[in-house]
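Here is the structure we will look at, set down as structure tokens.
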Amino acid sequence: GQEAMDIINKGFAAGADLNGDMLQKVQQLAPTFHDAGVSADEMMAIITQTRSGIFSDQGLEAIRQASARIREMSSGTRSALQGIGLDVDEMQAKLRDGSMTTFDAIQQVSAQLKTLPDNAQEVGEVMSAVFGRQGKFASQEMIESLAEMSTNLDDVMAKTGEYGELLLENIDTEEEL
């Protein structure tokens with residue numbers, strides 16, 4: 001329980017609750033992210049990064065869709081991934097033996113997309129077959145940003161600097177009161 005509270009407090013300090021819906025997102029997405037092999041602090045780092053820049057709430061839904069589709073690995077998903085040059089058999093073997101999480105696979109797909117021209121048909125097929133409806137509407141740049149997304153909550157928190165430290169100090173003070 002204390003570890004969970006520490007992660008939530010760090011999330012607040014890192015700015016994950018700017019829209020006032022962080023706890024709702026945690027509750028809604030925790031099972032999906034757990035299934036994707038994403039730990040609680042990694043999930044909080046991802047949620048924090050949806051508050052600014054190119055990555056948005058749409059990205060969270062794209063991760064959810066991709067996680068389910070990579071796990072299922074339908075013939076359409078398989079074909080789309082092979083179309084961009086990924087070794088799907090190796091990916092599935094690593095997923096099966098635990099040396100790769102579903103989120104790692106998503107990041108691998110994202111990194112591979114960055115190597116292809118934006119208007120390539122294969123890119124469109126992956127956006128649809130892997131990232132689903134959200135992939136069709138999301139920008140390719142947003143999906144590609146998954147490859148570089150930090151899952152280290154402390155690194156994400158460090159970007160808030162003194163403000164984040166003061167928020168954590170405030171939370172600690174309120175707990176003491």
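One table, with the values for the structure above:
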{"quantity": "For the chain, built as a Gaussian network whose Cα springs stay under 10 Å, the top-fluctuating residue of Gly98, Gly132, Gly11", "calculated": "Gly98"}
{"quantity": "Sum of side-chain charges, Ala93 neighbourhood, beta-carbon under 15 Å (Lys, Arg +1; Asp, Glu -1)", "calculated": "-1"}
{"quantity": "Net charge over other residues, Cβ less than 13 angstrom from the Cβ of Glu165 (K, R count +1; D, E count -1)", "calculated": "-2"}
{"quantity": "Positive dipole terminus of the chain, leading residue within Met43, Leu95, Gly11 (C-beta point charges)", "calculated": "Leu95"}
{"quantity": "Gained length - Glu165 relative to Lys114, 0.36 nm times residue gap less alpha-carbon distance", "calculated": "14.9 nm"}
{"quantity": "Sulfur and carbon atoms: percent of accessible area, the chain [1.4 Å]", "calculated": "46"}
{"quantity": "Cβ-placed point charges (K, R +1; D, E -1), dipole of the range 1-145 about Cα centre in debye, nearest 20", "calculated": "260"}
{"quantity": "Positive minus negative residues near Ile70 (Lys, Arg vs Asp, Glu; Cβ under 14 Å)", "calculated": "0"}
{"quantity": "Percent RCO, i.e. relative contact order, over the chain, from Cα pairs under 8 Å lying at least 6 residues apart", "calculated": "32"}
{"quantity": "Dimensions (Å) - the chain, Cα atoms, principal axes, largest first", "calculated": "58, 33, 23"}
{"quantity": "Heavy-atom surface of the range 57-98, accessible at 1.4 Å and reported per residue (Å²)", "calculated": "49"}
{"quantity": "Under 30 Å between alpha carbons - lysine pairs in the chain that sit 8 or more apart or on different chains", "calculated": "10"}
{"quantity": "Value at 222 nm in deg cm²/dmol, rounded to 500, when DSSP H runs of n ≥ 4 in the chain each add -39,500 (n - 2.57)", "calculated": "-21500 deg cm²/dmol"}
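The values are calculated or read from the model by the stated rules, or taken from the named source; none is laboratory data. If you're wondering where the values come from, they're calculated on a predicted model, not measured in any experiment. In this analysis, Cβ positions are derived from the backbone assuming ideal geometry, glycine residues included, and neighbour counts consider all displayed protein chains. Heads up: the accessible areas ignore ligands, DNA and RNA and are worked out on the full protein's heavy atoms, side chains in. Shrake-Rupley method; radii C 1.70, N 1.55, O 1.52, S 1.80 Å.
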